[in-house]
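What follows is a short report on a single structure.
The values are calculated or read from the model by the stated rules, or taken from the named source; none is laboratory data. Model, not experiment: these values are computed from the prediction. Because the Cβ atoms are built from the backbone with ideal geometry, glycine has one as well, and the counts that use them run over all protein chains shown. Heavy atoms of the whole protein, side chains included, go into the accessibility calculation; ligands, DNA and RNA do not. Shrake-Rupley method; radii C 1.70, N 1.55, O 1.52, S 1.80 Å.
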Amino acid sequence: MPVIAVNGVRLAYQDLGHGPPVLLVMGAGATGSAWHLHQVPALVAAGHRVVTFDYRGFGPDGPGAPGLTVDDLVADIAGLVTRLDLGPCTVVGTSLGARLAAELALARPDLVDALVLMATRGRSDPLHTALSLAEQELDDRGIELPPRYRAVVKALTELSPRGFADEQALTDWLEVFELAPPPGRAARDQRRLYPMPDRLDAYRRIDAPCHVIAFADDVMAPPAAGREVAAAVPGAGFEVIEGCGHLGYLERPDAVNRALLEFLWASTPARTDRSLKKENRR
């Protein structure tokens with residue numbers, strides 16, 4: 001993967017396809033490669049330039065100094081968009097990536113012409129807060145969960161229980177989760193970005209076309225949390241994709257890809273008009 005220097009760090013990235021640019025922003029603890037299983041091929045085939053990247057700490061520099069902030073990650077994304085001359089572009093984020101996409105639209109509206117926020121929330125609720133603090137306590141005590149137990153917890157919190165009836169598929173998921181390495185320093189730093197403060201009032205200032213996608217069986221960012229975000233962002237659309245949990249983009253990729261492409265097509269006039277107005281203001 002090529003590497004680009006932004007905001008004092010080097011980020012690994014991939015840049016594929018040609019056409020209107022789309023930046024995909026992954027969730028916490030994962031790399032951009034997860035998008036390449038399903039979303040990147042679909043977007044490239046539909047005529048888009050698609051960029052994915054790995055967060056700071058996951059790239060060639062390794063974990064940086066402690067004290068990672070949301071502003072650090074937003075600045076990294078802004079630098080990437082600027083250096084690759086993507087802006088204004090559509091930004092698609094899931095989980096932490098959705099939170100960062102929304103913050104980018106607030107901090108640098110000139111770089112964002114549309115938003116898709118998946119598995120998102122605008123604030124932490126009591127359960128999400130308790131889970132975030134519990135994970136940090138494990139990190140502080142240096143406790144590393146056994147791989148098999150970690151896999152079961154991940155299945156219970158990130159997959160839809162509707163799929164558990166397919167025992168072979170569930171076994172495959174558990175094997176994948178068990179083989180994954182334990183959270184490294186970079187992933188643990190990202191966990192400290194939660195609990196999330198209430199950002200719903202701030203989201204009312206987002207002026208880019210926005211579509212919120214919730215996953216019906218998501219316990220990490222339930223549909224009610226996504227509906228709050230959609231209600232806060234002026235004019236935002238909202239839909240729920242059935243039969244999937246927090247990893248909906250992997251569990252039901254065809255439905256997610258269809259939702260992405262339909263929004264990109266439907267929002268084209270609004271995005272074009274918005275870009276022209278920005279150009280005229282310059």
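Rolling a 1.4 Å probe over the protein heavy atoms leaves M196 with an accessible area of roughly 10 Å². As a length-normalised measure over Cα pairs under 8 Å and 6 or more apart, the relative contact order of segment 108-260 settles at 35 percent. Each helix, a run of at least 4 DSSP H residues, gives -39500 (n - 2.57); summed and divided by the residues of the chain, these come to -13500 deg cm²/dmol at 222 nm. Give, as a single signed number, the net charge of other residues whose beta carbon lies under 15 Å from the beta carbon of I77, with Lys and Arg counted +1 and Asp and Glu -1. The answer is -4. Computed from backbone phi with θ = phi - 60° and the Karplus coefficients 6.51, -1.76 and 1.60, the 3J(HN,Hα) list for segment 144-154 is 10, 5, x, x, 5, 5, 4, 5, 5, 4, 5 Hz; x is used for glycine and proline.
As a length-normalised measure over Cα pairs under 8 Å and 6 or more apart, the relative contact order of segment 1-88 settles at 34 percent.
The residues of the chain expose, per residue, 46 Å² of accessible area to a 1.4 Å probe. Taking amide H positions as modeled 1.01 Å from N, with prolines and chain starts lacking one, the residues under 5 Å from G27 and 5 or more places away or on another chain are T94, G97.
Taking Rh as the Kirkwood radius computed over C-alpha pairs, what is the Stokes-Einstein D of segment 1-108 at 25 °C in a medium of viscosity 0.890 mPa s, expressed in µm² per second? For these conditions, the coefficient is 179 µm²/s. Quick check: net charge around E103, other residues with Cβ under 15 Å of its Cβ, Lys/Arg +1 and Asp/Glu -1? Every neighbour counted, the sum reads 0.
3J(HN,Hα) along segment 131-138, derived from phi through the Karplus expression 6.51 cos²θ - 1.76 cosθ + 1.60 where θ = phi - 60°, amounts to 5, 4, 5, 5, 5, 5, 5, 4 Hz, with x in place of Gly and Pro. Dividing the mean sequence gap of close Cα pairs (under 8 Å, 6+ apart) by how many residues segment 63-157 holds gives a relative contact order of 22 percent.
Expressed as a whole percent, the accessible area of the chain that falls on carbon and sulfur atoms is 55 (1.4 Å probe). The charge dipole of the chain, taken about its Cα centre with unit charges on the Cβ atoms of Lys, Arg (+1), Asp and Glu (-1) only, comes to about 840 debye. Applied to segment 69-80, the Karplus parametrisation 6.51 cos²θ - 1.76 cosθ + 1.60 on θ = phi - 60° returns per-residue 3J(HN,Hα) values of 10, 4, 4, 4, 5, 5, 5, 4, 5, 4, x, 5 Hz, with x for Gly and Pro. Looking at the chain alone, DSSP beta bridges between its own residues are antiparallel in about 25 percent of cases.
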